[in-house]
Amino acid sequence: MYFSSHNGDITYDSHWGGLLEVCGTGAVVKEDATVDYGQTKTMWKDAYDLSFTNGITSIGPGFIENCRHIRSLIISYTVESIAVTPELLALLRKNKTVVRGWFDSCGERFAKENGLPFLHADLFVGWHNDERHYTNTKFTIRFKKDGTVYREYDEYCPGISAGNNGGGVWTAELEADFYKDETLEGFAERFPNYTEAILENKDLAYFFRTAARR
């Protein structure tokens, strides 16, 4: 985790594969792009997917432009405004950046108003712990550019020795319009291993509320 030198409420999580998450509360501005520990240049240079997580409310001018190789811009529904500059639009169009956001949100409007491709953000559903088989399974709904949707199950389990982990990833189909005429409660009934996690998931609750209006 990295900390903004300008605002202690803004932190960064850098993940393998090029994902950089902007975390915290409130607005992010250009000055927040400088972090402690001298990792600023490396952090932004290696970022291909830039995500603004729940709690971020606005994105100021000159911030996103630090991510010169950006290929996807992931924007939480808590973001209410994004500063649009000619430099930002030129960068996103040059890189053919896909805006990933939520239905009926600032991210979706930003994409449509500026002629950028939009794809719904992936939905983390929850974890299932199977004590009998010593597994923990992470359930995520993923959206693809071709319009298809699928379920991803990322399973973790102990290995054959201390410090060794097993598991794997498997996928299953999901209807592209799975949210049509569906409710959070109805969806929870479809997946009994995740019922409680689904009913407590605020992101899913927001998703089904907005999807119902489409």
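Could you say whether any residue in the stretch 50-69 is in contact with a Ser or Thr (Cβ under 7 Å, 6 or more places away or on another chain) and charged (D, E, K, R)? No - not one qualifying residue is present in the stretch 50-69. The strands (runs of 3 or more DSSP E) located wholly in the stretch 1-103 that include 3 or more residues which are surrounded by fewer than 20 Cβ atoms within 10 Å (Cβ to Cβ) occupy 10-15, 19-24. Within the stretch 185-214, the residues that satisfy the criterion of being out of contact with any helix residue (DSSP H, G or I) (no Cβ under 8 Å at 6 or more places or on another chain), touching a residue at least 60 places away in the same chain (Cβ under 8 Å) and of a type in the set (A, V, I, L, M) are Ala197, Ala211.
Just one of the listed residues (Ala121, Ala211) is at pLDDT 95 or above, of a type in the set (A, V, I, L, M) and closer than 28 Å to Phe52 by Cβ, and it is Ala121. Taking the stretch 96-129 as the range and being without any contact (Cβ under 8 Å) to a residue 24 or more places away in the chain and closer than 26 Å to Phe187 by Cα as the test, the residues that pass are Glu108, Phe118, His120, Asp122, Asn129.
Restricting the stretch 129-159 to residues that are within 25 Å of Lys180 (Cα to Cα) and more than 17 Å from the chain's Cα centre (by Cα), the residue that is modelled with the highest pLDDT is Thr148.
On the stretch given as the stretch 34-57, residues that are over 23 Å from Phe124 (Cβ atoms) and touching a Gly at 6+ places or on another chain (Cβ under 8 Å) total 1. Mind checking which residues of the stretch 120-138 are surrounded by 18 or more Cβ atoms within 10 Å (Cβ to Cβ) and either touching a Lys or Arg at 6+ places or on another chain (Cβ under 7 Å) or not hydrophobic (A, V, I, L, M, F, W, C) (or both)? Listed by number, the residues that qualify are His120, Ala121, Gly126, His128, Thr137.
The values are calculated or read from the model by the stated rules, or taken from the named source; none is laboratory data. None of the values given here were measured: they were computed from a predicted structure. Ideal geometry is used to build each Cβ from the backbone, glycine not excepted, and the neighbour counts take in all protein chains shown.
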